[in-house]
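Bear in mind that the values in this text are calculations on the coordinates, not laboratory data. The shown structure was predicted, so the numbers you read here are calculated from the model rather than taken from an experiment. As a convention, Cβ positions derive from the backbone with ideal geometry for all residues, glycine included, and neighbour counts pool all protein chains shown.
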Amino acid sequence: MAGEAQPDCLFCKIVTGDVPATIVRETETTVAFRDINPQAPTHVLVIPKAHYPDAASLAAAEPTLAADVLREAGAVAADEKADGTGYRVVFNTGAGAGQTVFHAHAHVLGGRGLEWPPG
Ligand code: 5GP
Ligand code: ZN
């Protein structure tokens, strides 16, 4: 069924606590935790607790949950004081774009200058 936890999914295991993570925020529907390989002073991943393989499938199935993820991304940036200087929210989608974990997640990056276009 759509949104069900997947036994082999790393981020589903972070949701259940089977894989440890440095959690910075949690709501009824989302978890935000620090990326294990940070690319900026602030690098936090915001995920829905429900499993969807990417942002588009999440938004199509549960638009309210997709909005929860976006709202939490903004809240993380505010918590980290990255909202004043600017920050980036990224959803890598597909292996060709660098997606390696197929559980929808927003990268929240900030705390340094961010170039455009990204590589
Ligand atoms: P993607 O490449 O799919 O857009 O992003 C996956 C992110 O998950 C990467 O930035 C990677 O560093 C991070 N990541 C991979 N494994 C773990 C883990 O076990 N714990 C945490 N906190 N982050 C992870
Ligand atoms: Zn998952």
- According to the square roots a ≥ b ≥ c of the eigenvalues of the Cα gyration tensor, what is the shape class of the range 10-110, taking rounded for a/c under 1.5, prolate for a/b larger than b/c otherwise, and oblate for the remainder? rounded
- Query: So if we plug the beta-carbon distance of Trp116 and Glu4 into 1/(1 + (r/R0)^6) with R0 = 30 Å, what FRET efficiency do we get, rounded to 0.05?
  - Reply: 0.20
- Query: For the residue pair Asn37 and Thr16, what label-to-label distance in nm results when each label sits 7 Å from Cα along the Cα-to-beta-carbon direction?
  - Reply: 2.5 nm
- Dipole magnitude (debye, nearest 20) for the chain, charges at Cβ of Lys, Arg, Asp, Glu: 280 debye
- Item | Gaussian network model of the chain, Cα within-10 Å springs - most flexible of Glu28, Glu80, Glu62 | Glu28
- Note on the structure: Between the alpha carbon centres of the range 24-50 and the range 54-92 the gap in Å comes to 10 Å
- Query: Out of Ile23, Ile47, Ile36, any idea which swings most in a Gaussian network model of the chain, alpha carbons joined below 10 Å?
  - Reply: Ile36
- Message: Only Cα pairs within less than 10 Å get springs; with that Gaussian network setup on the chain, which residue of Gly96, Gly17, Gly74 has the largest fluctuation?
- Response: Gly96
- Note on the structure: Hits in the range 1-34: amide N under 14 Å from the 7 Å Cα→Cβ extension of Thr100, namely 10-11
